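The values are calculated or read from the model by the stated rules, or taken from the named source; none is laboratory data. Remember, it's a predicted structure, so these values are computed and weren't measured experimentally. Glycine gets a Cβ as well: all are built from the backbone with ideal geometry, and neighbour counts include every protein chain shown. Quick note on the areas: whole protein, heavy atoms, side chains included, nothing else; ligands and nucleic acids left out. Shrake-Rupley method; radii C 1.70, N 1.55, O 1.52, S 1.80 Å.
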Amino acid sequence: MSEREIIKTTCPRDCYDSCGIAVVRRDGQVTRVLGDPDHPVSRGALCGKCAIAYNGAWRDADVRLTRPLKRIGKKGEGRFAPTTWDEALAAIAERLDGIASRGDAERILTAHYTGTCSVIANGFPMRFFNRLGAREVEPDSICNLAGHLALDYVYGISVKGIDPRTAKDSACVLVWGANPSASGPHAHKYWLQEQPGKLIVVDPVRTPTADLADLHLRPYPGSDAALAFAMMHVIKHEGLLDDDFIAAHTLGFDELAPSLAACTPEWGEATTGVAAEDIQAAARVYAAGPSILWLGQALQRQRTGGNIFRAVSLLPALTGNIGKAGAGLYYLNGKGATRNMDLSYVSCPSLRRSEVPSLSHMDLVEALNDPAEAEALILWNINIAASNPRQQALREALGRDDLFTVVIDLFQTDSADYADYVLPAASFLEFDDLVGSYLHLTLSAQAQVMAPLGEALPNQEIFRRLAGAMGFEEEALFEDDQSIIDTMLAQTGLGIGFDELKARGTVEMTKEPQILFEDGVFPTPSGRIEIASAQAEADGLPRLPQPSAEERPANGRLRLLSPASPWHMNSSYDNDPRIAERARETVVTLHPDDAARLGLKAGGRVSLENETGRIEMMLEVADVVPPGVALSPKGRWPKRDGNGANINALNPGEKADMGASTAVHGVEVAITPVT
Ligand SMILES: Nc1nc2c(c(=O)[nH]1)N[C@H]1C(S)=C(S)[C@@H](COP(=O)(O)OP(=O)(O)OC[C@H]3O[C@@H](n4cnc5c(=O)[nH]c(N)nc54)[C@H](O)[C@@H]3O)O[C@H]1N2
Ligand SMILES: Nc1nc2c(c(=O)[nH]1)N[C@H]1C(S)=C(S)[C@@H](COP(=O)(O)OP(=O)(O)OC[C@H]3O[C@@H](n4cnc5c(=O)[nH]c(N)nc54)[C@H](O)[C@@H]3O)O[C@H]1N2
Ligand code: SF4
Ligand SMILES: [Mo]
């Protein structure tokens with residue numbers, strides 16, 4: 001009789017859900033990776049993409065990187081020979097040491113993000129880079145920095161949002177610029193559908209989440225600040241303001257109020273495309289509350305994304321929809337901030353001897369082109385050749401012969417093709433760690449269920465060994481996983497050890513739903529919600545959010561949206577054969593009016609072009625997208641696409657108005673038939 005056992009672990013992908021996983025092992029060998037039926041969010045199922053990939057590419061030694069590799073071909077060509085860990089680490093250490101010992105450590109760039117989000121594998125490698133004095137490419141600048149900075153101005157914090165369980169007391173959930181049907185499929189399937197209130201969705205696209213809504217508002221992309229102002233106009237003029245809350249907990253409403261007068265629903269309709277009566281209806285339902293406001297990541301990926309975020313985030317302040325059960329706002333629940341974990345313990349910024357300013361991903365191409373700025377580049381948990389803007393220019397920069405590049409990944413990505421050394425990372429199934437969802441206030445165990453494939457090593461072990469090869473001596477660089485896990489678990493105050501967490505899989509941080517800002521104190525300079533912000537003004541931004549909308553594309557061009565795809569996780573999974581079957585060809589979707597205007601036929605090939613690049617796709621015609629918008633989700637590997645490029649070949653890398661953060665949903669393209 002073979003022995004069957006089930007081990008609980010957790011999905012650490014960059015996803016709102018952080019699903020519980022049940023790994024089936026027979027005689028010590030993993031046979032299936034399934035959903036954990038006990039998990040409060042996912043209730044027994046993984047999403048389709050992970051169900052395939054975790055039983056496919058992620059455990060397939062023929063697809064995974066299993067040995068360190070050394071480049072033998074030209075950069076970008078993807079020709080490598082196997083080497084040993086000792087040789088690779090010695091060579092890397094020698095190069096980095098050569099740069100650092102002449103005082104140029106800031107010419108060593110490191111870019112990393114959320115390839116894996118577990119606490120140690122996501123944070124520990126920074127101990128090495130802090131000690132080295134390397135320059136960090138600002139991680140959030142590729143994703144959500146503008147939104148963080150905007151909420152910091154208004155609320156003093158951006159990483160503490162509602163406890164989703166409080167929705168049992170809500171009369172309305174307003175999802176603004178997020179599409180959980182793709183980006184958090186279990187939040188879509190259970191949480192949103194079971195909450196008792198009305199669902200309002202603000203999204204130009206009719207997504208499956210929008211299909212669930214009682215009210216779906218479809219503003220033109222980048223016009224959301226105007227929509228928020230029109231809603232605030234209605235709230236004020238229909239007597240729906242919470243005057244007591246405004247007086248007690250906010251600053252600057254008197255300065256804002258005059259600007260609301262002109263923002264009538266009719267003005268709102270003309271500016272955003274949303275019907276005046278829908279603006280009124282949404283404002284009334286939201287104001288009556290208790291209401292939850294979900295600020296999606298897409299909302300701030302715009303040229304004026306910071307202003308948009310400031311404007312929309314005023315709705316809770318004006319209506320008192322915060323500080324009580326069933327109310328509040330949500331952007332991201334930071335795994336440290338909402339779980340009492342001090343993540344700086346993991347990354348140890350104190351190891352840094354001098355400050356080195358970070359670099360925006362939007363400025364990476366220039367930096368890589370300049371030997372005085374970049375002599376070495378180390379990438380881990382990130383695939384810039386697929387996911388960064390200015391794809392062609394970035395490739396050329398990565399091709400620079402004297403740029404020493406190291407890529408750490410599970411797979412031979414497009415980025416890895418440019419490496420001098422490729423190092424194989426272990427997957428989350430192959431080491432212990434902690435996972436905290438960025439929506440649900442849970443803490444979960446990531447449990448090792450199998451040995452690393454081949455010679456792969458967890459990120460943290462790679463950097464311990466590299467620290468050794470460099471001759472570094474600080475103890476913190478060598479701390480083992482168990483010690484870090486114990487320290488972090490102790491900080492949480494949950495009173496449980498890792499063995500108990502592993503047995504339970506996932507625990508809620510509190511028994512009852514937490515209420516956000518229950519004490520009415522906000523960590524801004526004034527302790528109030530800062531509608532008017534002296535800090536923003538000091539930083540060269542307007543003192544108040546502006547009732548503006550971005551200019552629409554001219555000359556028949558369309559606004560290109562490339563949000564999360566249900567079959568990819570960012571650029572992950574494109575190389576799994578069963579997922580590739582489902583996403584065989586890259587598709588762009590246009591409204592029937594645009595297709596007709598441009599003389600394009602459904603099923604035909606079209607060219608998407610702008611000053612940054614050109615790619616071809618198959619055309620789908622459907623009124624799920626509004627006129628003037630083209631939709632084509634992110635996620636393809638450039639080298640697996642017939643174009644040898646993906647959607648980011650069209651992204652000029654324009655910056656949002658805060659933090660030099662990405663404005664990827666502000667891209668404009670011309671679309672023509674391919675004959
Ligand atoms: N056009 C367009 N582009 C976008 C976006 C968009 O909306 N539109 N969104 C942007 C956003 S929000 C983001 S966050 C970025 C993310 O973009 P990517 O960097 O592509 O993110 P991922 O695919 O999540 O992970 C990156 C890599 O981490 C690897 N990885 C997984 N686990 C591990 C591990 O344990 N160790 C190591 N070393 N590697 C691991 C994966 O194999 C993968 O190759 O893309 C951005 N690019
Ligand atoms: N399956 C899957 N899940 C993922 C990811 C993935 O790639 N695949 N990526 C993960 C990552 S890194 C992130 S950051 C999150 C992002 O996930 P979300 O927060 O959901 O953000 P996006 O996917 O960028 O876009 C969501 C919706 O915003 C809409 N939108 C675009 N522009 C505007 C606008 O100007 N105004 C309004 N109101 N709506 C707009 C788009 O049409 C889209 O339907 O998802 C995470 N989850
Ligand atoms: S990617 Fe998200 S939905 Fe899919 S298994 Fe992981 S946590 Fe769950
Ligand atoms: Mo992201």
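Just the accessible area per residue of the range 506-585, please: how many Å² with a 1.4 Å probe?
Averaged over the residues of the range 506-585, the accessible area is 51 Å².
Please state, to two decimals, what the Cα-based radius of gyration of the range 198-341 comes to when divided by 2.2 N^0.38 Å (N = residues).
Expressed relative to 2.2 N^0.38 Å, the Cα Rg reads 1.02.
Under 13 Å Cα to Cα from Lys236, which aspartates and glutamates show up? Leave out anything in the same chain fewer than 8 places away.
Output for Lys236: Asp254.
Put Glu609, Glu138 in order of accessible area, largest first, 1.4 Å probe: what do you get?
The residues order as Glu609, Glu138, largest area first.
Leaving ligands, DNA and RNA out of it, report the carbon-plus-sulfur percent of the accessible area of the range 1-82 at a 1.4 Å probe.
Here carbon and sulfur together make up 46 percent of the probe-accessible area.
Just the accessible area for Ser387, please: 1.4 Å probe, Å², rounded to the nearest 10?
50 Å²
In the range 1-82, which GluC sites (Glu not before Pro) are in a loop and have at most 15 other Cβ atoms within 10 Å, using DSSP for the loop call?
Glu3, Glu77
For the chain, what's the relative contact order in percent, using C-alpha pairs closer than 8 Å and at least 6 residues apart?
21 percent
Let me understand the range 122-232 better: what is its radius of gyration from the alpha carbons, and its Dmax, in angstrom?
17.7, 54
Mind jotting down the three principal axis lengths of the range 49-190 based on Cα atoms? Whole angstrom, largest first.
That works out to 61, 41, 26 Å along the principal axes.
Using only the alpha carbons of the range 364-496, determine the length spanned along each of the three principal axes and report them from longest to shortest in whole angstroms.
Sorted largest first, the three principal extents are 51, 38, 30 Å.
Using only the Cα atoms, what convex hull volume per residue in Å³ does the range 456-518 have?
Hull volume normalised by residue count: 146 Å³.
In µm²/s, what is D for the range 477-612 at 37 °C and 0.692 mPa s, where D = kT/(6 pi eta Rh) by Stokes-Einstein and Rh is the Kirkwood radius from Cα pairs?
Rounded to a whole number, D works out at 145 µm²/s.
Please list, by residue number, every one of the GluC sites (Glu not before Pro) in the range 522-588 that is coil in DSSP and has at most 12 other beta-carbon atoms within 10 Å.
Qualifying residues, ordered by number: Glu551, Glu585.
Quick one: plug the Kirkwood hydrodynamic radius of the range 346-418 (C-alpha pairs) into Stokes-Einstein at 20 °C, 1.002 mPa s, and report D in µm²/s.
Here the translational diffusion coefficient equals 161 µm²/s.
Keeping all protein chains in place, calculate the accessible area per residue for the range 282-357 (probe 1.4 angstrom), answer in Å².
Numbers: 2040 Å² over 76 residues.
On a per-residue basis, the range 282-357 sits at 27 Å².
Can you list the aspartates and glutamates whose alpha carbon sits under 18 Å from that of Lys8, skipping same-chain ones fewer than 8 residues off?
Those aspartates and glutamates meeting the cut-off are Asp17, Asp27, Asp36, Asp38, Glu430, Asp432, Asp433, Asp499, Glu500, Glu508.
For the pair Asp480 and Glu77, how long in nm is the line joining their label points, each one 7 Å along Cα→Cβ?
My value for the distance between the label points is 4.4 nm.
Grab the DSSP H runs of the chain that are 4 residues or longer, score each as -39,500 (n - 2.57), total them, divide by all residues and round the 222 nm result to the nearest 500 deg cm²/dmol.
-7500 deg cm²/dmol
Using a cut-off of 17 Å between alpha-carbon atoms, which lysines can reach Lys74, once sequence neighbours fewer than 8 places away in the same chain are excluded?
Here the lysines satisfying the reach criterion relative to Lys74 are Lys639.
What Kirkwood hydrodynamic radius, in Å, does the chain give when the mean of 1/r is taken over all pairs of distinct Cα atoms and then inverted?
Final number for the Kirkwood radius of the chain is 25.7 Å.
Could you report the accessible area of His188 in Å², rounded to 10, computed with a 1.4 Å probe on the protein chains as they sit in the structure?
30 Å²
Any of Lys335/Lys511; Lys168/Lys634; Lys70/Lys655 with alpha carbons more than 24 Å apart? Name them for me.
Check vs 24 Å cut-off fails for Lys168/Lys634; Lys70/Lys655.
So for the range 440-546, what percent of the C-alpha to C-alpha distances run longer than 18 Å?
Roughly 71 percent, rounded to a whole number.
Along each of the three principal axes of the Cα atoms of the range 627-675, give the extent in whole Å, ordering the values from largest to smallest.
Principal axes ranked by extent give 40, 29, 15 Å for the Cα atoms.
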